[in-house]
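Following: one structure in structure tokens, then a few remarks.
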């Protein structure tokens, strides 16, 4: 009996407590920088596309919402011919971001993606690609991995280390 | 003198009696029709609903006759409690269209003959009584709650006590039927007869 | 003013006022619940979200009024009408102020009890005619609960009736000029409050419609305005029980003279409406057998003891 009265009193005293609601359209909840929201494709500092069309994101995606087609430009550099994410399927798990070897695909703290037409949730490459570097500034995949140019293979230029032989155990 | 709740001061007693007469006949018609509907329905729940309507109209007749207390009790106890229990039970029986067909088979016209003759005899007897000594005009003497209470606890004290005893016996019986033996809620501890 | 006109105005005005109050109460309840749960509640439509009620009404009026093909059509349709009409009829005996009462009949309280016992039909019939397991279970629970709690709802009021010597509600209110009946009849008040919650099947005792067990209980199959009628009837029931508590135990329209009588009545009633909502915000639902056991084993003996003690004291006092 006392406990009933006590719980009634506790509920009553909540009248004078701070309210937990964020009044959404006017006031938005503060999101952490690593919030997994809308997916973007980023560029490297030279404004080249980071994506090399390796399909790892499409493989990692548990709901198969990413589809892309890799192709090569005249210098032999790979890039995606089309890159399509169906956000009505996406579960924002972030596995694609983890799988990406070039930091191209990234998740951003943006969640306001509602549409009246479901088809509008299928984002093409021009919707996804931004003119910026996203979360990883200054990272250029080819500067780290090396690039074969002008008859020189990887590691044959001046001041360049040999690429690591990943099939050997010797350091 | 107490005034009936139906009476507003503006009307003369004759007018009021006339009004009450009209209301009485309407209510009686409702009561008779609903009672006929009770016995002609094949669907048990529908029949019970008509019985409720019949009880309500009887309560209203009591009210017109100057016994508001009895009217209220009629609604509370008969219409409100007992009929709900009836419907409760019928509900649990899960009567479907199949039982309605069965019922239709049972109530052939031949079955109506016996009860009809018997009730016709009753009606004739009732009519003769009414014809020979017409009820004297009692007017509107209101039987209030206090009068009912006083007569219950003086004149009819024995009846009240006996009813109380009967109800007590019913309650004890229901308790006995409803009570379960204490059960040990673990299968290893349960005693089994070898 | 003409007497007939005044009567007609009261007869039309009270149900209208009560219906609009009940609709407004939906907003009040949502705001208050939100307040006690650290939320805001509806605050978008109109000032303070007041027009939310209007929006909901428009929505519910334009919903498809669907009668399931497996339901018993006629009974399905009258069930919500029964609860609305019995509760609206019960308002006939509430004395809002001296003179503002539809029918000051000398069996006032009995009339209320009769109407509330007829209200049980709507639950039973709604549950049965829906032809649905959950609805039937809700109806079974509802009818058992309402019949149980009617018993000592009546008994708890008898103390007040004994002290007044009348079933008339105006007499009862006038008898409280010196002391509110809540003081001498505190036990009766508590029992009536609990029975009132159970009778309107409000939240701690919403066994017949328990969402988490029975979907929506007896009105699972209802939609559109028929569901709306059950919904509004629930709020009407809250107002009715609160108004009765005010009239029977808290001196009705009586109060210090700086406010007129109806205002006092409304204020007191509103406090109890708020209390009902607070109960919803704070207490969990008991199990079904606990509720019935609580009723028969604790509340019934308590109300009988209350009656006995009241009678004994009155006998000593009067003789």
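Each reported figure results from applying straightforward, stated rules to the coordinates on display, with no laboratory input. Source: prediction; values computed, not measured. Positions of Cβ are backbone-derived with ideal geometry, glycine not excepted, and every protein chain shown enters the neighbour counts.
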For this session: For helix C:108-130, report the angle its Cα long axis makes with the longest principal axis of the Cα atoms of chain C; keep it between 0 and 90° and round to the nearest 10°.
Result: 20
Seminar exercise, completed: Footprinting proxy, B:27, B:40, C:86, B:99: sorted fewest to most Cβ within 10 Å, the residues are B:40, B:99, B:27, C:86
Problem set entry | Spin-label model distance (nm) - residue C:65 vs residue C:212, 7 Å beyond Cα toward Cβ | 3.5
Exercise. Can you sort C:270, A:16 so the residue with the fewest Cβ neighbours within 10 Å comes first?
Worked result: A:16, C:270
For this session: Compute the long axis of helix A:2-13 from its Cα atoms, compare it with the longest principal axis of the Cα atoms of chain A, and write down the angle in degrees, 0 to 90, nearest 10.
Result: 60
Seminar exercise, completed: Going fewest to most other Cβ atoms within 10 Å around each Cβ, C:107, C:179 line up as C:179, C:107
Problem set entry | Förster-model FRET efficiency, 45 Å R0, residue A:111 and residue C:270, C-beta, rounded to 0.05 | 0.65
Problem set entry | Rounded to 10°, Cα long-axis angle of helix C:224-249 versus longest principal axis of chain C | 10
Problem set entry | Computed E for residue A:154/residue A:21 - FRET, C-beta separation, R0 45 angstrom, nearest 0.05 | 0.20
For this session: Run the quick spin-label model on residue A:88 and residue A:67: label points 7 Å from Cα toward the beta carbon, then report their separation in nm to one decimal.
Result: 1.4
Exercise. Per residue of B:79-87, how many C-beta atoms from partner chains lie within 10 Å of its own C-beta, taken as a mean?
Worked result: 6
Exercise. FRET efficiency for residue A:5 and residue B:148, Cβ-Cβ distance as r, R0 = 41 Å, nearest 0.05?
Worked result: 0.50
For this session: Specify the inter-centroid distance of the range C:120-134 and the range C:207-274, based on alpha-carbon positions, in whole Å.
Result: 22
